[in-house]
Amino acid sequence: MLSPTRSQSASNGPLTASQRSVAEAARGFMPPDEGLALAEAAVLADFSLGPMLEIGGYCGKSACYLGPVAAQGGTVLFSVDHHRGSEENQLGWESHDPDLVDPDIGMMDTLPEFRRTIHDAGLESVVIPIVGDSVTVARHWATPLSLLFIDGGHGVEPASNDYKWWMPHVAPGGLLVIHDVFPDPADGGRPPYENIYLPALASGRFQQRSATGSLRVLQHY
Ligand code: SAH
Ligand code: MG
């Protein structure tokens, strides 16, 4: 499933220096080493199986890592987000950013920043936003995915739902990439580990390919 035509030499990595700095400058929650691991996972994906899809676009940071690989491989990245923020992004929570509130309605709106990020990165033709609730979109989704990146709501319910509703859309041979997987509770919240990562391994359908920080790359075999 490796596509040598799309793999760049190890010294260059999957992104150019300027693509890397655009991704690093974007607002969001993706440390540089995990972002590069995400892009490297996309290089391994077999795009003949289908497009890529991420849950949790936020301000476009992860899309800046996946988008250039999609462009190079002639596919697209669908980015699903209701753009109203997760629980931990709301007022009074640790990851709240007051700049991202629409003052007229008093709710978060990350879509304008997302669009600006993707525009400035030159990725508008390959990063396709889908604005809506993850489960609602999944219920109507029918296209097999070469790579599914789950980085949406991190509570038990949203994480379980993302696994339950999206996992069946990963094509055999496709990749399931999960962010914020913390086996040690001291490092962070449990749901991506307990409600996505462990069930995926226990399903017997996925095998781990790599781990970088809190990013896990599994393959559906
Ligand atoms: N991948 C991003 C970070 C995502 S943060 C980055 O690289 O920076 C998590 C995102 O999930 C938030 O933008 C939030 O709006 C979205 N989200 C949470 N629950 C959701 C749901 N049920 N449906 C759609 N999006 C959801
Ligand atoms: Mg995350």
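Quote the relative contact order of region 133-221 in percent (integer), defining contacts as alpha-carbon pairs under 8 Å separated by 6+ residues.
For region 133-221, the relative contact order is 28 percent.
At 222 nm, what value in deg cm²/dmol follows for the chain if DSSP H runs of at least 4 each add -39500 (n - 2.57) and the sum is divided by all its residues, to the nearest 500?
Value at 222 nm, helices only: -9000 deg cm²/dmol.
Given a cut-off of under 8 Å on Cα pairs at least six residues apart, what relative contact order in percent is computed for the chain?
In percent, rounded to a whole number, it is 20.
Within region 74-136, report the GluC sites (Glu not before Pro) that DSSP leaves as loop and that have at most 12 other Cβ atoms within 10 Å. List each step's numbers first, then the result.
Working: sites: Glu87, Glu88, Glu94, Glu113, Glu124; in loops: Glu94, Glu124.
Here the GluC sites (Glu not before Pro) that fit, given the DSSP loop and packing criteria, are Glu94.
Quick check: with the 1.4 Å probe, what order do Ser48, Ser95, Ser18 take by accessible area, largest first?
Ser48, Ser18, Ser95
In terms of solvent-accessible area of protein heavy atoms at a 1.4 angstrom probe, what is the ranking of Val22, Val137, highest value first?
Descending accessible area places them as Val22, Val137.
Considering only protein heavy atoms and a 1.4 Å probe, what is the carbon-and-sulfur percentage of the accessible area of region 164-221?
Carbon plus sulfur share of accessible area: 52 percent.
What is the set of long-range amide H partners of Leu176 at a cut-off below 5 Å, with H atoms built 1.01 Å from backbone N?
Amide H neighbours of Leu176: Leu148, Leu218, Gln219, His220.
Mean-square fluctuation check for the chain, GNM, Cα pairs under 10 Å: which of His140, His83, His179 is largest?
His140
Return one whole number: the accessible area per residue of region 38-87 in Å², for a 1.4 Å probe.
24
Once you have a ≥ b ≥ c as the square roots of the Cα gyration tensor eigenvalues for region 110-190, tell me rounded if a/c is under 1.5, and otherwise prolate or oblate according to whether a/b is larger than b/c.
It is oblate, given that a/c is not under 1.5 and a/b is not larger than b/c.
To the nearest 20 Debye, how big is the dipole of region 146-221 about its Cα centre, given +1 on the beta carbon of each Lys and Arg and -1 on that of each Asp and Glu?
320
Can you figure out the FRET efficiency of Asp184 with Glu157, using R₀ = 25 Å and their beta-carbon distance, to the nearest 0.05?
Computed FRET efficiency for Asp184 and Glu157: 0.65.
What residue among Pro112, Ser95, Phe78 has its Cα farthest toward the positive end of the dipole of region 73-123, where the charges are +1 on Lys, Arg and -1 on Asp, Glu, each on the Cβ?
Phe78
Could you compute how fast region 10-169 diffuses translationally, taking Rh as the Kirkwood radius over C-alpha pairs and applying Stokes-Einstein at 20 °C with viscosity 1.002 mPa s? Give it in µm² per second.
D = 135 µm²/s.
Just the accessible area per residue of region 163-214, please: how many Å² with a 1.4 Å probe?
Spelled out: the 1.4 Å probe surface of region 163-214, per residue, equals 44 Å².
The values are calculated or read from the model by the stated rules, or taken from the named source; none is laboratory data. This structure is a prediction, so every number in the text was calculated from the model and none was measured. Please note: Cβ atoms are built from the backbone with ideal geometry, for glycine as well, and neighbour counts cover all protein chains shown. Remember, those area values only see protein heavy atoms, side chains included, never the ligands or the DNA or RNA. Shrake-Rupley method; radii C 1.70, N 1.55, O 1.52, S 1.80 Å.
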